[in-house]
Each structure stands twice: as structure tokens, then as C-alpha cells.
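Each reported figure results from applying straightforward, stated rules to the coordinates on display, with no laboratory input. Computed from a predicted structure; not experimentally measured. Glycine also receives a Cβ, built like all others from the backbone with ideal geometry; neighbour counts cover every protein chain displayed.
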Amino acid sequence: MDSTGKTALVTGGNKGIGFAVVRQLAAHGYTTWLGSRDEARGRAAVAALEEAGAGDVRFIALDVTDEASVAAAAARIASQTPSLDVLINNAGIYVKEGDGAPSTVRLDAMRATYDVNVFGPLRVTAAFLPLLRAARGAHVVMVGAGLGSLTLQLDPSQGLSRWPAFAYSSSKTALNALTVGFANELREEGIVVTVVNPGFVATDLNGHAGTLTTDEGAERVLRAVQLPLSATGSFVTDHGTCPW
Ligand code: NAP
């Protein structure tokens, strides 16, 4: 597709759902920055997309836990474009060693998980606000999870109630709160902030146990980019909204 003149940034774009989101945004004509904390992995991902004719994809070094890295990424992108239409806060981790039920979860696992999954989107969104404000009707999409839903966790018919990953699940609940906070703060400026449950997607994060492909997960993320301002602050999934 021809360029839309629009721009997008995806954190954790070098693999998994983020990689598929980059590919789909570029296919829709967005100039898309592929954020990666590791330069070699990020550049290899950009090269693979270029080879596949994916459109205008650009590497950006971005570790969401590192203030200096986030600030440098914002400055570098600002030097190349006056505005950012879409920010996808996708980077996320599940710490296999140390996460668990509340009685056994290790505090270092909690801190590491929150640093990426909660403070990461907070840092990145705040740093990119000047560019997002400069766009007309920008979208910020948080990649959340069904595990972040307290309602689903309390529903015994849902397997989620038996998933012993308190660091991960509570980080995604906190991400929901962050979404609502930014949605309320930015509504009057016309910036749409949503959180998406991409479904159970086969990626490294879950040892490829997921039942959906990365493209299917990415499609859910891209649907949020089409939502109007009236939908700001919503928790989106494939069949509409997800309960908080
Ligand atoms: P993945 O394949 O493990 O990809 C995670 C991505 O995040 C990688 O690019 C990783 O980079 C990046 N990342 C980790 N720490 C980072 C940091 N400090 N700074 C920047 N990037 C960092 O997992 P995924 O399943 O695609 O996960 C993507 C998002 O979807 C996550 O937020 C996850 O919680 C969410 N999600 C996934 C599922 C699922 O079923 N897979 C379900 C619900 C929600 P490296 O390659 O350098 O590690």
C-alpha cells in the first residue's frame, strides 16, 4: 500500500506479536519504527521485513526500562518526523524463574516484570507525548492481557483463575489502570488510549503454547488503532470489550 504519511512506533518489535504489528502497520502504509532493546536483533528484524517488501520500516534502539534509551529514541524520531500517529506499547515480559502464586512470587521477579510491563509504557508514553500531541487524533495502544482482567480472574469457569503468575497478571492489571489514567488525561486533546487483549498467541513468552498466530494477535492490536475517541479508555478484545 502507498504511504499514508502517518507514523507509528512499536516497542519490542523485533519478534512475536510486536513484529507482526510492525509488518501490518507498514503494510497499511505507516512509516513504522521497530523498537528493539538489542540492536542486532532489531536490525535483523528490519532486514527481514525489508526483504519481504514490507514497506517503510525503520530500526530504533529502545529499551523501555532505560530512561536514557527512551529519551534518545524520542529525540531521534523527533529529528525525523514532526508527529507520531500511533504508539504501540507492546514490549512485555513474563519472568519464568520467580513468578508464581502471591505466596511464592519473588520480589525481584515482581520488580523486573513491573519495570518492563508497567513502568515501560509509562516512560515511553510520557516521552513521546510531544510527538503524539503534534499528530491529529493519535492512538496509544497498550498490549495488555486477559490475565490483567480481575473479573476474568475471579470467574472460576475461566482457566485464568488458576494461572500462578502473580507478577505478570498484576502487572497487566496495573497496565489497565495506566490506560484509564492516560485516557482521562488525554481525552480532551483528542488522543485515543486503549488496552488490547491479543488473545493466547504462540510466542517465546509462553513457549509457543498459544493457540493464535502472531498475525491474529496483531490484527486485534491494529483494530484498536481504528477506534474513535469515544472508545478511549476501553479494554479491547476480539469480540468487543474485555471486562476489567
Ligand atoms: P515475545 O515474543 O517474548 O516478545 C516480547 C518482546 O518484548 C520482544 O521483542 C522483547 O525483546 C521485548 N522486550 C522485553 N523486554 C524489553 C525491554 N526492556 N525493552 C524493550 N523491549 C523489550 O512475547 P509476545 O507474546 O510477543 O509479547 C508481546 C506483548 O504481548 C507483551 O506485552 C505480552 O505481555 C503481551 N501478551 C502476549 C500474549 C501471548 O499469548 N503471547 C497474551 C497476552 C498478552 P527481546 O527479543 O530483546 O527479548
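Compared with the dominant principal axis of the Cα atoms in the chain, helix 214-225 is inclined by about 70°. Checking every one of the trypsin sites (Lys or Arg not before Pro) in the range 1-48 against DSSP loop status and a limit of 14 other Cβ atoms within 10 Å picks out no site at all.
Quick check on the exposure proxy: order Leu25, Leu62, Leu160, Leu175 from fewest to most C-beta atoms within 10 angstrom.
Fewest-to-most Cβ neighbours within 10 Å comes out as Leu160, Leu175, Leu62, Leu25.
Spin-label model, Ala48 to Ala134: label points 7 Å out along the Cα-to-beta-carbon direction sit 3.2 nm apart. May I ask what percent, to the nearest 5, of DSSP beta bridges between residues of the chain are antiparallel? That works out to approximately 10 percent antiparallel.
Just add up the charged neighbours of Ala74: K/R +1, D/E -1, any other residue whose Cβ is under 14 Å from the Cβ of Ala74.
Neighbour charge sum, excluding Ala74 itself: 0.
Taking the chain as a Gaussian network of alpha-carbon nodes connected by springs under 10 Å, the highest mean-square fluctuation of the residues Ala61, Ala183, Ala47 belongs to Ala47. If the chain linking His239 and Ala209 were pulled fully straight, counting 0.36 nm for each residue of separation and taking away their Cα-Cα distance, it would gain 8.6 nm. If R0 is 41 Å, the Cβ-Cβ spacing of Ala27 and Glu188 corresponds to a FRET efficiency of close to 0.80. How much of the calculated P(r) for the range 138-226 lies past 14 Å, in percent of all Cα pairs? So the portion of pairs separated by more than 14 Å is 68 percent. Springs join every pair of Cα atoms under 10 Å in this Gaussian network model of the chain, and among Thr151, Thr179, Thr11 the largest mean-square fluctuation is at Thr151. Which of these, Ser157, Ser83, Ser36, has the largest mean-square fluctuation under a Gaussian network model of the chain (Cα springs below 10 Å)? Largest GNM mean-square fluctuation: Ser157.
Quick check for me: using +1 on Lys/Arg Cβ and -1 on Asp/Glu Cβ, what's the dipole size of the range 7-241 about its Cα centre, in debye to the nearest 20?
Values: 18 positive and 22 negative charges, 27 e Å.
The calculated dipole for the range 7-241 is roughly 120 debye.
Taking the Cβ of Arg23 as the center, what net charge do the other residues with Cβ under 15 Å away carry, scoring Lys and Arg +1 and Asp and Glu -1?
Net local charge, Arg23 excluded: -3.
As a rough footprinting exposure proxy, the listed residues His208, His239, His28, His139 were ranked by other beta carbons within 10 Å of their own, and the order from fewest upward is His239, His208, His28, His139. Full extension of the chain between Val180 and Arg106 yields a length gain of 23.9 nm, computed as 0.36 nm times the residue separation minus the alpha carbon distance. Residue order for Thr32, Thr237, Thr104, fewest other beta carbons within 10 angstrom first, comes to Thr104, Thr237, Thr32.
Between the helical axis of 67-78 and the longest alpha-carbon principal axis of the chain there is an angle of about 30 degrees. Neighbours of Ser234, meaning other residues whose beta-carbon lies under 14 angstrom from its beta-carbon, give a summed charge of +2 when Lys and Arg score +1 and Asp and Glu score -1. Value of Rg to Rh for the range 201-244, rounded to two decimals, is 1.05; Kirkwood radius and Rg both from alpha-carbon coordinates.
Which whole-number percent of Cα pairs in the chain have a distance greater than 34 Å?
Tail fraction, whole percent: 10.
In the range 24-94, the ratio of gyration radius to Kirkwood radius, Rg to Rh, stands at 0.95 when only Cα atoms are counted.
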